[in-house]
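The values are calculated or read from the model by the stated rules, or taken from the named source; none is laboratory data. These numbers come from a predicted model, not from an experiment. FYI the Cβ positions are ideal-geometry reconstructions off the backbone, even for glycines, and counts take in every protein chain you see. With ligands, DNA and RNA removed, areas are computed over all heavy atoms of the protein, side chains included. Shrake-Rupley method; radii C 1.70, N 1.55, O 1.52, S 1.80 Å.
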Amino acid sequence: MVEPVLSVRNLQVSLRSRDGSVNQITKDVSLDLMPHEFVSIVGPSGSGKTTLLRSAAGLRPPSGGQVLFEGTPVTDVPKGLSIVFQEYNKSLFPWLSVGKNVAVGARELPVDEKNQKVSEALAHVGLKGFENRYPWELSGGMQQRAALARAMVSDPSILLMDEPFASVDALTRNHLEDVVLALWSESKFAVLLVTHDVGEAIYLSDRVLVLSARPSTVLAEVKIDLERPRNQIGTRSQARFAELHAEVLERVEAAGRLAVGIDGHVD
Amino acid sequence: MSTVALGWVGILILAAAWQILAILLHKSVFPTFVAAIAAAYHIVTGPALRTDILPSVERTAVGFLISSLLGVGVGMLVGHYRAVQQWTATVIDFLRSLPTPLLVPVAIVVFGLNGKMVVATIISAAIWPVLINTANGTAEIEPTMMDTANVFGLRGRKLFLKVILPAASPQIFAGLRIALSVSLAIMVVAEILGGSSGIGYYISNAQQSFDIVGSYGGVIVLGLLGWVFDTLFLAFERRLLSWQRGTVGGFIDG
Ligand SMILES: Nc1ncnc2c1ncn2[C@@H]1O[C@H](COP(=O)(O)OP(=O)(O)OP(=O)(O)O)[C@@H](O)[C@H]1O
Ligand SMILES: [Mg+2]
């Protein structure tokens, strides 16, 4: 039987806020990510998606439950796990050129192999020739592609992405989705993607998980049975796409209504 | 006209105003600009260059460098580790609020009337702007950036040297520049209060022996020293912070 590459079991995270009160962010979240699977997480704002991703990555120890990476409990960021954050401008190092930023992801390799890998990764995301530019000399979409190259350059087995395309315009977003899909289908890594965009989640994923409002649990799991390879126009205009979109959206809205019921407001 | 040229025009106007005012007032306590410049020239070309100017330059540089290294090192620890910050906050607040001139007698007792005393006094004052700025700069680094460092295995020494140091460098440099002018000022104060050589000693000595023109010359030399130090510092800063948006050769967008 195939083992999941990442396994989150009954994850519970409580955070202490400034005034000292303890807030339960996730109550009970479980999920399995199989090798080379593409899974998306959608859920109301503030439902703890970023918190979940940080715990899954070993950046924050959970208050309860367990995270397993390839079968071993995660205590620190595992080798073989990479992340792309939403805020590329806070994630790329502004004092390093694009090439050197990508090389940060390939730290462990010997120098000549590293250079080779960095060039390949940049070529893959369409940034050939931009090695010596600084991140701020690039557009937002290009910066996020650089962050993607940095995450991919070490051939990880898991890529975590936290709303990676939320800060770029719609056209760039479509393009970046296809860049990720192409990278993913050519390699063997699994993806866990957090997004606000239901269409994006469906277009990219094998499964979509809907998170409830805080303190969060997994409300629903929707299998995406659209055939691959997918493309923006063809896939998104299928009747099945519309059905899945309605189904996921309904669950998300239910989660949002629950949130209103509990908090009296939507954040 | 370029800013440099405009700067020179400003200096010329000031010099002319000084010259005319001094001639009109005709007071011995207020020598003319030309006389003061001549005295300054005399200082930098005479034996005082070796006995007073160079020792002062060396003390300022050594005091500033030690303050910088200590301030940046300790500042990064204070800014990064919450526990260190909590344990040191009161001590740091207490030490930095001690008025430096009061420390001169202590330094004299410990080191004697010499250069070491001056260097120690400089450090006691110049370390704080570096330490505080570095600690703030470190504490304000974006959490996403620290997460990124962690994900890509930059920990321990590498975290400090390859991430925290560059990420906090704009604020560190702001602190260093203040520390540089503090170093110069404290150098003079310490040498006046308890020196046996140096530009501060030269100025107070000239004053006490009624060599008014000589003391004005000393002040002009001091001003020039400050200008040279600041210019060198800015050139260094521009080089190291060249990655900052808008400062890299000519490529400015938005
Ligand atoms: N360090 C922290 N200390 C205390 N509370 C925190 C901390 N970080 C986040 N929170 C709170 O935890 C909750 C969940 O935050 P999180 O960022 O995980 O949500 P999210 O689902 O990613 O939201 P969004 O969709 O807006 O990105 C929020 O209410 C937030 O205010
Ligand atoms: Mg988030």
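Might you let me know whether region A:8-26 holds any residue that is crowded, with 23+ Cβ neighbours inside 10 Å, at pLDDT 95 or above and either more than 16 Å from ligand 2 (Cβ to nearest atom) or assigned to a loop (DSSP other than H, G, I, E, B) (or both)?
yes
Results for (1) among the hydrophobic types (A, V, I, L, M, F, W, C); (2) buried (at least 20 other Cβ atoms within 10 Å of the Cβ); (3) in contact with a Ser or Thr (Cβ under 6 Å, 6 or more places away or on another chain), shown as yes or no for each residue.
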site	(1), (2), (3)
A:75	no, no, no
A:85	yes, yes, yes
A:88	no, yes, no
A:91	no, yes, yes
A:98	yes, yes, no
A:108	no, no, no
A:124	no, no, no
A:135	no, yes, no
A:139	no, no, no
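Run down B:72, B:4 and say which single residue is in the same structural domain as residue B:186 (by TED's automatic domain parsing) and either without any contact (Cβ under 8 Å) to a residue 60 or more places away in the chain or in contact with a helix residue (DSSP H, G or I) (Cβ under 7 Å, 6 or more places away or on another chain) (or both).
B:72
From (1) more than 16 Å from ligand 1 (Cβ to nearest atom); (2) of a type in the set (D, E, K, R); (3) farther than 17 Å from residue A:193 by Cα, pick out the condition that doesn't hold for residue A:32.
Only one criterion is unmet by residue A:32, namely (3).
Do you know which of the residues in region A:35-68 that are surrounded by fewer than 19 Cβ atoms within 10 Å (Cβ to Cβ) and closer than 13 Å to residue A:9 by Cβ is farthest from ligand 1 (Cβ to nearest atom)?
Here the answer is A:68.
Please tell me if residue A:164 is within 16 Å of ligand 2 (Cβ to nearest atom), open to solvent by less than 20 Å² (accessible area, probe 1.4 Å), of a type outside the set (A, V, I, L, M, F, W, C) and assigned to a loop (DSSP other than H, G, I, E, B).
Yes, satisfied.
Within region B:130-139, is there a residue that is open to solvent by 60 Å² or more (accessible area, probe 1.4 Å), within 28 Å of residue B:166 (Cβ to Cβ) and in the same structural domain as residue B:213 (by TED's automatic domain parsing)?
yes
List every residue pair whose Cβ atoms sit under 6 Å apart, with the two residues 6 or more apart in sequence or on different chains, where the first one lies in region B:226-254 and is within 11 Å of another protein chain (Cβ to nearest Cβ) and the second, anywhere, is open to solvent by 60 Å² or more (accessible area, probe 1.4 Å) and modelled with pLDDT under 50.
Close Cβ pairs (under 6 Å, with a partner that is open to solvent by 60 Å² or more (accessible area, probe 1.4 Å) and modelled with pLDDT under 50) amount to B:246/B:252.
Taking region B:182-200 on its own, how many of its residues are of a type in the set (Ser, Thr, Tyr) and out of contact with any helix residue (DSSP H, G or I) (no Cβ under 7 Å at 6 or more places or on another chain)?
1
Tell me, which residue of region A:145-158 that is more than 11 Å from every other protein chain (Cβ to nearest Cβ) and open to solvent by less than 10 Å² (accessible area, probe 1.4 Å) is farthest from ligand 2 (Cβ to nearest atom)?
Per the stated criteria, the residue is A:149.
So, in region B:24-52, of the ones that are of a type in the set (Phe, Trp, Tyr) and part of a helix (DSSP H, G or I), which residue ends up nearest to residue B:224 (Cα to Cα)?
So, considering only residues that are of a type in the set (Phe, Trp, Tyr) and part of a helix (DSSP H, G or I), the one nearest to residue B:224 (Cα to Cα) is B:41.
Looking only at region A:70-106, filter to residues that are of a type in the set (Lys, Arg) and out of contact with any helix residue (DSSP H, G or I) (no Cβ under 8 Å at 6 or more places or on another chain); which one of those is modelled with the lowest pLDDT?
A:79
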